[in-house]
Each structure stands twice: as C-alpha cells, then as structure tokens.
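Structure, as structure tokens:
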Amino acid sequence: MKKTTTKSHFPRIRTIRYEGVGTDNPLAFRHYNPAEEIDGKSLKDHLRFSIAYWHSFRGAGLDPFGGATIVRPWDAGKNPVDIALRRMDAAFEFFQKIESPFWCFHDRDIAPEGRSLRESNTILDRVVAHAKQLQKATGIKLLWGTANLFSNPRFMCGAATNPDAHVFAYAAAQVKKAMDVTKELGGENYVFWGGREGYESLLNTDLKREVDHLGAFLHMAVEYAKSIGFKGQFLIEPKPKEPTKHQYDFDVQSGVAFLRTYGLEKYFKFNIETNHATLAGHTFQHEIEVAAAHGMLGSIDANAGDLLLGWDTDQFNTDVRELTLAMVSILKAGGLGTGGFNFDAKLRRTSIDMDDLFHAHIGGMDAYALAFKKARRILADGKFTKFVADRYASYDTGFGADIEKRKVGFRDLAKLVDKLGEPKPRSAKQEYLENLLADYVND
C-alpha cells in the first residue's frame, strides 16, 4: 500500500502490523496478516475489508437519548468544505494505518449539503476530486457508494416511496449524482439502503402504490447505470424496522420476492448486515444462506447488535462462533465476488480516544480473520458436510430423486406409502453437532 506525505492526524500511532497470538501489543493484529498466502491469494484479498466513513469519521457518539461525546480535531473550523477535505485526509491516513484496502461512503457523509441540489453537487464534486487523488496516492479503493435518502427532513415520509412525486424526483436526482461519483471513484458496487422506505401507519399509506414506485425507482437506476457505463454490482441492504415501523425490504427473503415481482433479480444482490438480521428475528448465517440459495449473496456489513437493547447499536463483532458459522456459509457459496466485509460499526458512546478507533477495527479484523481460518478447516475436514449429505441421502436416488425432479405426484407417493408403511425416525444429532462446532471454535 502506497504512503502519503501529508501532515499526520494520528502522529502517535504507527501502521498496525501483524505480530501473532503471542503479542501483548494492543495496537497489533493477532490473527489478521494481510500478506498471508492462502490458496495462492493473500488474506487481504480473501477478506476485502472496508471502513465505513459514516461511523468512523462522522460518528460522534450519539444515541437516541444523548448528544455528541466524540470530538475530533479535524472537525474544528467554520468552513464546512474545508473541514470535509481535512476529514478526508484523516480518513485516508487511518485507512492506511489500519491496513484496509477499501472504504465506503454515503454522499452526505463526505460532503456537506448546500442550499440547493446544484450547490450540493458542486461541493460533492470538490470533495470527490480530493478523494480520487488520495485513492491514487494510497492505492485504497472504493468498495461501494450510496446516497443518504433518510437524514434530511424532505425524506421524512420516504424517498422512492414518498407520497409526494417531487420528493421522488429529488431522490432520483440525488441517486443519479451518487452513482456518477461512485463510478468516478471506481466503486465496485452501489448500495440501496431504504432507511425510510416503509411506513408508520397503514391509515395514511397506499402500500401497493409505494412498493410499485420503489420498483420503478430501481428500474430507473438500472437504466441509468447502463447509460453511463457503470459496471458495478447493485446491492440491496435489508432491514426490518427503525427508523420506520415497517421497512419494505424487511429481510433477504422479502427482498428476493420484491426483486422477482418487479423483474429486477438479474441486477441486484444483497448487502447483509449482521445487526439487521437479528432485528428481523434471524441469525446472521440465516440471511447469508437465504441470499446464497438464490444466487444473490453480494457483500457484508460487518457489525453486531446488543440483543438486550433491541435497536441498531452497530457494534464491532468479535463473536468468533457467530462469525465462523457465517464464514462457512460464505465460503460454501463461493465467496462475495466484488463484495467485501465493510465495518459498518461505530465506537461506543464512551470510547472517545483516538486509539479507540484502532482498537475497535483491530478486534473486528482479527475476529473475521480467525473465523475465516476456522471455517476453512471445518469445510476441509468435511464432517458437517458429510452429516448433512447423509441426512438428505434419501433424495439422491429412487423415489427421493424423482421428487426433486418432479417426476412423481401425490397419487404415486400415496401408493408408495401404502407399500412402505411408517417412516423410521432418525435423530438430527443437534447436541453432537454443537459439541463438534465447539471443538473447532475453541481450538
């Protein structure tokens, strides 16, 4: 990774290096060695880590009940554009020092909004030009870009699903520009997160019309991408609720149904966030498996929620058991393609020191690297794979294979049961498998 020569915003912190499990250095990797070769490919290329600009460089320690607690020196000053440019310098220094090959952003994360869309676009162009220079100087790439269609009061009733066509048009114009700058920065994906694409009450909502509008909006995005030659993968990020009571892209399964209903399944995959999966009442692995089953697994927003709180806390995930299960499913699916593991995670409200930002990402990167290695071992040993294959072996031959090929119907199967009698119960061996998993995770 190339080095820049600008003034340091983290002068006391050197580039984070891999020192192995025996190190007592809190600013070193124990499991993540970016240069480690596995199957002819570096660990950095296997995992494709990315930093979320909005949390790491716009997060101020806010929660639903209190104001900012985190204050950064680069945010000082009166000119918001100058602050944005200085903040971008700090961000790229951090990206280099934490050894992250990618970053992600919303348009309003990196550039302040102006008094009009035209002014906002002009400001955004200036900041994007600076980011492009920094990408070239450092070798860091853009994993994905997106538009913030939820913070401004104009979007209080949604963007693509807003009952006011003027707001729909504004959202389309903003996404157009966000796609332009994502292409300009070489973004490998573009994400749609419908934070307010939902409803608070059905008393004032035409649900079908709103969902139809969302389908039309995404078709417009597909058509515009073709017109500008944007080759990146479109991703949808499901979430069941918060801030709306009900969000239309509730989870992966409902997202698949939506995409197929509106003929969009060829153009979109899913950006799966751990915390959103649990808010929907699912496990992280479940959402990955559903997306993979439909050939729509695209990327990961790497975080976790606090199950005792019940809202989107976006914490760094260091649960190696949960991540190992997720990595098993991701590897079985063939990986993430142009996607990666974006740390859509923020510091806790009380973690206000500069080095806390490094500790958080070190923990997350180490946990994913360790989980990746454990998952590879699980798949190489093949014990779980063999158990599942044996459990479903009755569908591999005979009438089971005919069921899967739809060569038999109810009449055929009714006659078969008359002949065979009562099925013999077979244990699912749940406790044995959980113990087996513990052997891998705890080793």
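Can you tell me the dipole magnitude for the chain around its Cα centre, using point charges on the Cβ only (Lys, Arg +1; Asp, Glu -1), in Debye to the nearest 20?
Magnitude of the dipole: close to 980 debye.
Choose one answer from Asp45, Asp301, Asp24: the residue with the largest mean-square fluctuation in a GNM of the chain with alpha-carbon springs under 10 Å.
Highest fluctuation among the options: Asp24.
May I ask what percent, to the nearest 5, of DSSP beta bridges between residues of the chain are antiparallel? Walk me through the numbers on the way to the answer.
Values: 6 of 34 bridges.
Approximately 20 percent, going by the DSSP bridge assignments.
Reachable lysines from Lys208, Cα under 29 Å, same-chain residues fewer than 8 places away excluded?
Lys176, Lys177, Lys226, Lys239, Lys241, Lys245, Lys266, Lys269
Out of Gly363, Gly145, Gly263, any idea which swings most in a Gaussian network model of the chain, alpha carbons joined below 10 Å?
Gly263
Under the Karplus relation 6.51 cos²θ - 1.76 cosθ + 1.60, θ = phi - 60°, what is the ordered set of whole-Hz ³J(HN,Hα) values for segment 423-428, x standing for Gly and Pro?
Once θ is set to phi - 60°, the couplings for segment 423-428 become x, 8, x, 9, 5, 7 Hz.
Enumerate the amide H contacts of His246 below 5 Å, restricted to partners 5 or more residues apart or on another chain; note that Pro and chain-start residues carry no placed amide H.
Tyr199
Treating only the Cβ of Lys, Arg, Asp and Glu as charged (+1, +1, -1, -1), what charge dipole size does segment 375-425 show about its Cα centre? Round to the nearest 20 debye.
On the way: 12 positive and 8 negative charges, 39 e Å.
The dipole of segment 375-425 has a size of about 180 debye.
Treating the beta-carbon of each Lys and Arg as +1 and of each Asp and Glu as -1, no other charges, what is the dipole magnitude of segment 208-317 about its Cα centre, to the nearest 20 debye? All intermediate terms of the calculation are to be shown ahead of the outcome.
Numbers: 10 positive and 15 negative charges, 102 e Å.
Charge dipole of segment 208-317: 500 debye, to the nearest 20.
At 0.36 nm per residue, minus the direct Cα-Cα distance, what do Lys136 and Trp311 gain on full extension? Give it in nm, one decimal, please.
Net length gain for the segment: 59.2 nm.
Working from Cα positions, state the angle (0 to 90°, nearest 10) between the long axis of helix 410-420 and the longest principal axis of the chain.
Approximately 60 degrees, to the nearest ten.
How far is helix 252-261 tilted off the main Cα axis of the chain, in degrees rounded to 10, range 0 to 90?
90 degrees
For Thr313, tell me the accessible area in Å² from a 1.4 Å probe, rounded to the nearest 10.
Solvent-accessible area, nearest 10 Å²: 0 Å².
Through the Karplus equation 6.51 cos²θ - 1.76 cosθ + 1.60, θ set to phi - 60°, convert the phi angles of segment 283-297 into ³J(HN,Hα) values in whole Hz; use x for Gly and Pro.
Per residue, the Karplus-derived 3J(HN,Hα) values read 8, 4, 4, 4, 4, 5, 5, 5, 4, 5, 4, 9, x, 10, 7 Hz.
Once amide H atoms are built 1.01 Å from N in the peptide plane, which residues 5 or more positions from Phe268, or in another chain, come under 5 Å H to H?
none
Kindly report, to the nearest 10 Å², the accessible surface of Ser8 as traced by a 1.4 Å probe over protein heavy atoms only.
Ignoring ligands and nucleic acids, Ser8 comes out at about 40 Å².
Over the Cα atoms of segment 70-187, what Rg and Dmax result, in angstrom?
15.0, 46
Provide the solvent-accessible area of Glu119, counting protein heavy atoms only and rolling a 1.4 Å probe, rounded to the nearest 10 Å².
In the full protein context, Glu119 sits at about 60 Å².
Taking all protein chains as present, what is the carbon and sulfur share of the accessible area of segment 76-188, in % to the nearest whole number, probe 1.4 Å? Don't skip to the end; give the middle numbers.
On the way: 2440 of 4390 Å².
Of the solvent-accessible surface of segment 76-188, carbon and sulfur hold 56 percent.
Accessible area per residue, 1.4 Å probe, Å², for the chain: what's the number?
Heavy-atom accessible area per residue stands at 50 Å².
Say we join alpha carbon atoms closer than 10 Å with springs in a Gaussian network model of the chain; which of Ile362, Ile272, Ile70 then has the biggest fluctuation?
It is Ile70.
Measure nothing but the geometry: give the 0 to 90° angle between the long axis through the Cα atoms of 117-138 and the longest principal axis through the Cα atoms of the chain, rounded to 10°.
80 degrees
The values are calculated or read from the model by the stated rules, or taken from the named source; none is laboratory data. Keep in mind it's a predicted model, so treat the numbers as computed, not measured. Every residue, glycine as well, gets a Cβ built from its backbone with ideal geometry; the counts of neighbours run over all protein chains shown. The accessibility values were calculated without ligands, DNA or RNA, using every heavy atom of the protein model including side chains. Shrake-Rupley method; radii C 1.70, N 1.55, O 1.52, S 1.80 Å.
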